[in-house]
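Just below is one structure, and these are the notes that go with it.
The values are calculated or read from the model by the stated rules, or taken from the named source; none is laboratory data. In this text the structure is predicted, and so the values were computed from the model without any measurement. No Cβ is skipped: glycine too gets one built from the backbone with ideal geometry, and neighbour counts run over all protein chains shown.
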Amino acid sequence: MTTGHSDLPDITRSDVGTILVSPWLVGTPQRQRDAVDSTIAEWRVAPWPSAFLSLNCFVSDDGTTVLNYAQWTDDDAHREFVRTYRPTLVRGIDEAVPGIERPGLVRYRLHGSVIAPDARHGDLVAVFTYDTDNIEQARQLADDARSQITPELPPGLIAAHFHINVDGTRVLIYEEWADEAAAASSTHHSEAVADRNLYRLHRSLTRYRA
């Protein structure tokens, strides 16, 4: 079954083998919406590989960036899709929204998650990225970040998901918050952060498990 919806993705779904994160620099809130709408329209007519699980298009609160968070079962299937169909898909998006800057896609694995026992649905996501030198350093950083919020999560934090890219040179922390005030008041990421943004999910596509 496939559907379009506005719920936050299930980050911990068990059939995910690879996570693909791609920021797009678009410049304005209107171009954010147009880029996401064009992406979803192109995907709706694309041949979905069986390995495709979800595409989630977030817009940053500062109005400049779209963050694409995709879940697939494996990297090889995604690479084949990139080789055979992605140029057609991107061409349609770029015709609708010219001038999108794409710094590059990063492949991640989920390292671990912390979820509040009374977890409820939020609509705000904070994303933090850190550069690291190797997989050991990345794991240590992710584990240290996790220890900063456990055993008791900061007020308003619904969940935190810790990602490490495949070569161990980047850690991405994806946090779900109840509201903007709670996210703004948190100080558990007080160290230097390479990148930090607040996002809201604009549109998504999901293949539900049978």
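Residues are listed down the side, and each one gets a yes or a no for (1) within 19 Å of Asn68 (Cβ to Cβ); (2) aromatic (Phe, Trp, Tyr); (3) in contact with a Gly (Cβ under 8 Å, 6 or more places away or on another chain); (4) free of Cβ contacts under 8 Å to residues at least 12 places away in the same chain:
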position	(1), (2), (3), (4)
Val106	yes, no, no, no
Arg109	yes, no, no, no
Gly112	no, no, no, no
Ala116	no, no, no, no
Asp123	yes, no, no, no
Thr132	no, no, yes, no
Asn165	yes, no, no, no
Ala178	no, no, yes, no
Count - residues of the stretch 187-210 that are modelled with pLDDT of 70 or more and not in a strand (DSSP E or B): 2
Single residue of Asp133, Asp118, Asp144, Asp167 found to be over 16 Å from Thr12 (Cα atoms) and outside any loop (DSSP other than H, G, I, E, B): Asp144
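Listed here are the residues, each with its yes/no results for (1) closer than 30 Å to Ala181 by Cβ; (2) more than 17 Å from the chain's Cα centre (by Cα); (3) at pLDDT below 95.
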site: Ile11; (1), (2), (3): yes, no, no
site: Val16; (1), (2), (3): no, no, no
site: Pro47; (1), (2), (3): no, yes, yes
site: Val59; (1), (2), (3): yes, no, no
site: Tyr69; (1), (2), (3): yes, no, no
site: Ala96; (1), (2), (3): no, yes, no
Filter pass, Thr150 being assigned to a loop (DSSP other than H, G, I, E, B), outside the structural domain of Phe58 (by TED's automatic domain parsing) and in contact (Cβ under 8 Å) with a residue 24 or more places away in the chain: yes
Subset of the stretch 121-130 that is of a type outside the set (Gly, Ala, Ser) and not in a strand (DSSP E or B) - its residue that is modelled with the highest pLDDT: Asp123
Hits in the stretch 139-168 - residues which are at pLDDT below 95, β-branched (Val, Ile, Thr) and crowded, with 19+ Cβ neighbours inside 10 Å: Ile158
Test set (1) within 25 Å of Asp75 (Cα to Cα); (2) modelled with pLDDT under 95; (3) assigned to a helix (DSSP H, G or I) - Ala181 fails condition number: (1)
